Amino acid sequence: MMTEELSVQHRFERELQPIVDVAFRYAFRLTGNRDEAMDLVQDASLLAFKYFASYSPETNFRAWFLRILTNRFFRNRERASKLATESLDAAPDLYLYDRFKADGIPVDREESVASVFEKINEEAVQAALAKLPEEYRVVATLHLVSEMPYEEIAAVLEIPVGTVRSRLHRARKQLQVHLWELAQAYGITPKETQ
Amino acid sequence: MKYTCNETFERLQDYLDRELSEDETRLVDEHLSGCGVCAEEYEFEAMVLRHVQCRVREPLAPADLFSKIQASLAAESSAA
Ligand SMILES: [Zn+2]
């Protein structure tokens, strides 16, 4: 009996270990906080272990586990404060590209983009992500931290692939607007980038 | 068959994410290699995406996270 228990735990841990980093990164980007991210991954791990029997071996453990983690995150949030479902206005296509052009920043040079992103550090990108409505933020975050295919994101969030696609594309456009606002707040002007 | 600029642009985000079918990918490739305007837009979008990804690729899980999980699983197993 004891060895049986141990082997289930061992099997679970073997599945979990390779995805701990991506799970933590995702949790960290969702919560914006290291301690909360630790708690979230630990909570999700216990929960996943409890329901490990319902996981079919050889299927996608990463998607299965991140689904549990995401649901856990939303459950915690609902308790803390009821989320307002915010709509996302359609941001224009190629927003940054057009802003760069309008300000005379070369768009075809890696250095000019890099010089703007030098000012937009990790916290700034986190802040830009945080400004997205939750359902968009989750899709964008998952894709950014894991580069998962749309189909796997759809499995994690239990939404259709088409919804993943449209939310991700809209989130990315809106993110460019937020990033430009931040770049300006950080005092980035064409002069500085030349 | 060839894609127009519009048809290419509509597929640019999926192309960036490698979500297009083989045929669509080839058609976008062909358009981008012959159209400087679309190619410049694509390169720019790809650069922005790379920079954003690079910013969120951190942090690694704390070194003790996995051992903490193992400890709580062990406690859960023995309690059950
Ligand atoms: Zn074109």
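Name every residue in segment B:1-10 that is within 11 Å of chain A (Cβ to nearest Cβ) and more than 9 Å from the ligand (Cβ to nearest atom), in order of residue number.
B:10
Please state which one of A:29, A:34, A:25 is modelled with pLDDT of 95 or more, within 30 Å of residue A:113 (Cβ to Cβ) and within 8 Å of chain B (Cβ to nearest Cβ). Break it down stepwise before answering.
Working: A:29 fails: modelled with pLDDT of 95 or more; A:34 fails: modelled with pLDDT of 95 or more.
Step by step, each of A:29, A:34, A:25 is checked, and only A:25 is modelled with pLDDT of 95 or more, within 30 Å of residue A:113 (Cβ to Cβ) and within 8 Å of chain B (Cβ to nearest Cβ).
Among the residues of segment A:50-59, is any surrounded by 22 or more Cβ atoms within 10 Å (Cβ to Cβ), within 21 Å of residue A:152 (Cα to Cα) and either within 21 Å of the chain's Cα centre (by Cα) or not assigned by TED's automatic domain parsing to the domain that holds residue A:131 (or both)?
So the first thing to find is which residues in segment A:50-59 are surrounded by 22 or more Cβ atoms within 10 Å (Cβ to Cβ), and the list is none.
No, the conditions are met nowhere in segment A:50-59.
Just to be sure I understand, how many residues within segment B:32-51 are within 9 Å of chain A (Cβ to nearest Cβ) and in contact (Cβ under 8 Å) with a residue 24 or more places away in the chain?
Residues flagged as within 9 Å of chain A (Cβ to nearest Cβ) and in contact (Cβ under 8 Å) with a residue 24 or more places away in the chain within segment B:32-51 amount to 3.
Look through segment A:123-143, keep the residues that are within 19 Å of residue A:74 (Cβ to Cβ) and hydrophobic (A, V, I, L, M, F, W, C), and return whichever of them is surrounded by the most Cβ atoms within 10 Å (Cβ to Cβ).
So, considering only residues that are within 19 Å of residue A:74 (Cβ to Cβ) and hydrophobic (A, V, I, L, M, F, W, C), the one surrounded by the most Cβ atoms within 10 Å (Cβ to Cβ) is A:139.
Limited to segment B:15-51, what total is found for residues that are away from the ligand (no atom under 16 Å from the Cβ), of a type in the set (D, E, K, R) and in a helix (DSSP H, G or I)?
Of the residues in that region, 3 qualify.
Could you check segment A:144-174 and list, in sequence order, the residues that are acidic (Asp, Glu) and surrounded by fewer than 18 Cβ atoms within 10 Å (Cβ to Cβ)? Explain how you work it out, then say what you get.
Quick first cut of segment A:144-174, residues acidic (Asp, Glu) only: A:147, A:151-152, A:158.
Result: A:147, A:151, A:158.
State whether one or more residues within segment B:50-66 are within 30 Å of residue A:15 (Cβ to Cβ), of a type in the set (A, V, I, L, M) and more than 24 Å from the chain's Cα centre (by Cα).
Yes - at least one qualifying residue is present in segment B:50-66.
Got at least one residue in segment B:68-77 being closer than 24 Å to residue A:19 by Cα, at pLDDT 95 or above and surrounded by 18 or more Cβ atoms within 10 Å (Cβ to Cβ)?
Within segment B:68-77, one or more residues are closer than 24 Å to residue A:19 by Cα, at pLDDT 95 or above and surrounded by 18 or more Cβ atoms within 10 Å (Cβ to Cβ).
Looking at residue A:70 and the list (1) polar (S, T, N, Q); (2) at pLDDT below 90; (3) surrounded by 15 or more Cβ atoms within 10 Å (Cβ to Cβ), which single condition is not satisfied?
(2)
Quick one: would you say residue A:159 is under 23 Å from residue A:69 (Cα atoms) and more than 12 Å from chain B (Cβ to nearest Cβ)?
Values: under 23 Å from residue A:69 (Cα atoms): yes; more than 12 Å from chain B (Cβ to nearest Cβ): yes.
Criteria met by residue A:159.
Does segment A:110-122 contain any residue that is surrounded by fewer than 19 Cβ atoms within 10 Å (Cβ to Cβ), under 24 Å from residue A:164 (Cα atoms) and hydrophobic (A, V, I, L, M, F, W, C)?
no
Test residue B:61 against the stated conditions and say whether it is buried (at least 19 other Cβ atoms within 10 Å of the Cβ) and away from the ligand (no atom under 16 Å from the Cβ). Give the steps one after another, and end with the answer.
Working: buried (at least 19 other Cβ atoms within 10 Å of the Cβ): yes; away from the ligand (no atom under 16 Å from the Cβ): yes.
Yes.
Can you report the number of residues in segment B:52-68 which are outside any loop (DSSP other than H, G, I, E, B), more than 7 Å from every other protein chain (Cβ to nearest Cβ) and either of a type in the set (Asp, Glu) or closer than 23 Å to residue A:128 by Cβ (or both)? Give the steps one after another, and end with the answer.
First, the residues of segment B:52-68 that are outside any loop (DSSP other than H, G, I, E, B): B:52-56, B:65-68.
Now drop any that are not more than 7 Å from every other protein chain (Cβ to nearest Cβ), which leaves B:54, B:67.
Now drop any that are not either of a type in the set (Asp, Glu) or closer than 23 Å to residue A:128 by Cβ (or both), which leaves B:54.
Summing the residues that are outside any loop (DSSP other than H, G, I, E, B), more than 7 Å from every other protein chain (Cβ to nearest Cβ) and either of a type in the set (Asp, Glu) or closer than 23 Å to residue A:128 by Cβ (or both) in segment B:52-68 gives 1.
If I ask for residues that are within 8 Å of chain B (Cβ to nearest Cβ), under 14 Å from the mean Cα position of the chain (by Cα) and not in a helix (DSSP H, G or I), which ones from segment A:92-150 would you list?
Passing the criteria: A:147, A:149.
The values are calculated or read from the model by the stated rules, or taken from the named source; none is laboratory data. Please read these numbers as outputs of a predicted model, since none were measured by experiment. Don't worry about glycine lacking a Cβ; one is built from the backbone with ideal geometry, like all the others, and counts go over all protein chains shown.
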